[in-house]
Amino acid sequence: MNTSVGNTARLIGAGLRALLVLTVICGVIYPLVVTGIAQALFNDKANGSEIKDKSGQVVGSSLIGQTYNLPKQAPSDSTAGDDPEEAAKPDLKWFQPRPSNGLGSNSVNTQYSLILSGATNRAGDNEDLIKWVTDAKAAVVADNSTATYKVKPEDVPADAVTSSGSGLDPHISPEYAGLQVHRVAEQNKLDVKQVEKLVADHTTGRTLGFMGEPRVNVLELNVALKELTKS
């Protein structure tokens, strides 16, 4: 009996010591080492790939797209009850990102403004998708045509009218950025050549020269545009 109690006590003691050692190693030392390495070698990525303006203020992440809309207008008495999202329109002085039709509505916890991502998940012949693309193309043509530059429907690239798989893609194609140049120049009273150079300077080529496609980070481009309009 005494031997059994003694063995049990030793097993419990060994288990508690193992728990303590593993807790210190896995719960304290390992996280500190990994965090230290990440902060030392990959500081920007470890902190969310934040983008800051020249004043040092964080304006977003290079990994997550965002919209550039005019402030929402409160529905008038005649339109009371309308969806306030209908009043949100793109601010045309900024470069615009891809559409975000893939974003789901926040039905998980309406107390918070959650970012939900997702694809449209509709077939190419789906009537809703066809309408989205048709309406988006018409809007791109109308918004980006100026007195001296007319956008042709056949010149509108696919990424201007379709969302990415996540709906949060921060990049657009150089073609879509180039299509917006004249409108941005006109809205900001800049020379077209200045804006074209801005796009060229913020165009990233294929990774390692062969992976992916050339792309433009919209947030980084708009931060540079903001600085240019201040000068």
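Every read-out reported here was derived from the displayed coordinates using simple, explicitly stated rules and does not represent laboratory data. Just so we're clear, the structure is a prediction, and the values are computed from it rather than from any experiment. Neighbour counts are summed over all protein chains in view; Cβ atoms, including those assigned to glycine, are modelled from backbone coordinates with ideal geometry.
Considering every Cα-Cα pair within region 179-227, what fraction, in whole percent, is farther apart than 19 Å? Can you show the working numbers first?
Working: 330 of 1176 pairs.
In whole percent, the share of Cα-Cα pairs in region 179-227 beyond 19 Å is 28.
Please give, to one decimal in nm, the separation of the simple spin-label points placed at T204 and V28, each 7 Å out from Cα toward the Cβ.
The answer from the label model is 3.9 nm.
Show the residues, 5+ positions off or on another chain, whose built amide H is closer than 5 Å to the amide H of V59.
HN-HN under 5 Å from V59: I51, K52, D53.
Sequence-distant or interchain residues sharing an amide H contact under 5 Å with V151, placed H: which?
Under 5 Å from the amide H of V151: S145, T146.
At 37 °C and 0.692 mPa s, what whole-number value in µm²/s does Stokes-Einstein give for the translational diffusion of region 2-44, with Rh from the Kirkwood sum over Cα pairs?
261
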